[in-house]
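This report refers to the structure that appears directly beneath it.
The values are calculated or read from the model by the stated rules, or taken from the named source; none is laboratory data. Please read all numbers here as calculations on a predicted model, not as lab measurements. Note: ideal-geometry Cβ built from the backbone for every residue, glycine included; neighbour counts use all protein chains shown.
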Amino acid sequence: MNIFKMSKEELEQLSYTDIAYEILKKEDRQMKTLTLFKKVCKMLEIGEEEMMELIGDFFTTLTTDKRFYSLPSGFWDVKEKHSNKIKINEDDEDMDSLDLEDDSDDEVKDEEEEDDYSDESDDDYEEDDIEDLVVISDDDDSEIE
């Protein structure tokens with residue numbers, strides 16, 4: 001789709017972010033929010049006053065649209081031009097301290113977790129309280145009604 005060859009009526013059928021996406025792809029450069037939105041508004045023949053009313057919604061839509069990539073200092077670009085590379089430092093001290101074969105700590109952690117979920121109210125009852133409890137069997141259900 002070449003938005004630069006479209007009529008105003010055709011462009012009005014597109015969202016602002018669709019137009020912004022095509023602008024970033026065609027111009028092949030990063031742009032600040034205001035610069036990008038000014039280009040969108042120019043194509044749609046939107047005036048300065050209306051543009052200032054709409055720019056907040058445009059920015060919000062850019063941040064939630066997965067096609068866009070936010071760069072430092074307020075610049076935007078299309079996400080497909082950027083890749084997420086994770087660099088793993090082999091000299092990391094945390095990696096040296098890991099012992100993947102030692103499971104002895106797991107047993108201690110499991111016991112600690114069980115203690116965290118214990119019901120503290122179990123310690124508060126007295127044996128006399130149990131004597132007052134009544135056990136109802138399935139046969140007694142008809143009498144409860």
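Here are a few things to note about the model shown:
- Filtered residues of the stretch 32-60 (kept if small (Gly, Ala, Ser) and more than 24 Å from Lys5 (Cβ to Cβ)): Gly56
- Residue in the stretch 1-37 that is surrounded by the most Cβ atoms within 10 Å (Cβ to Cβ), counting only those that are in contact with a strand residue (DSSP E or B) (Cβ under 9 Å, 6 or more places away or on another chain) and among the basic types (Lys, Arg): Lys25
- Pair list, Cβ < 9 Å and 6+ apart or interchain, from the stretch 36-51 residues that are under 18 Å from Thr63 (Cβ atoms) to residues that are in a helix (DSSP H, G or I) and small (Gly, Ala, Ser): Leu36/Ala20; Phe37/Ala20; Val40/Ala20
- Of all residues in the stretch 7-29, those satisfying the criterion of being modelled with pLDDT under 90 and touching a Leu at 6+ places or on another chain (Cβ under 8 Å) are Lys8, Leu11, Glu12.
- Within the span defined as the stretch 46-53, every residue fails to be among the acidic types (Asp, Glu) and at pLDDT below 90.
- All positions within the stretch 57-90 that are assigned to a helix (DSSP H, G or I) and either modelled with pLDDT under 90 or among the hydrophobic types (A, V, I, L, M, F, W, C) (or both): Phe58, Phe59, Leu62, Pro72, Ser73, Gly74, Lys79, Glu80, Lys81
- Selection from the stretch 3-56 of residues that are assigned to a loop (DSSP other than H, G, I, E, B), over 23 Å from His82 (Cβ atoms) and within 32 Å of the chain's Cα centre (by Cα): Glu12, Gln13, Leu14
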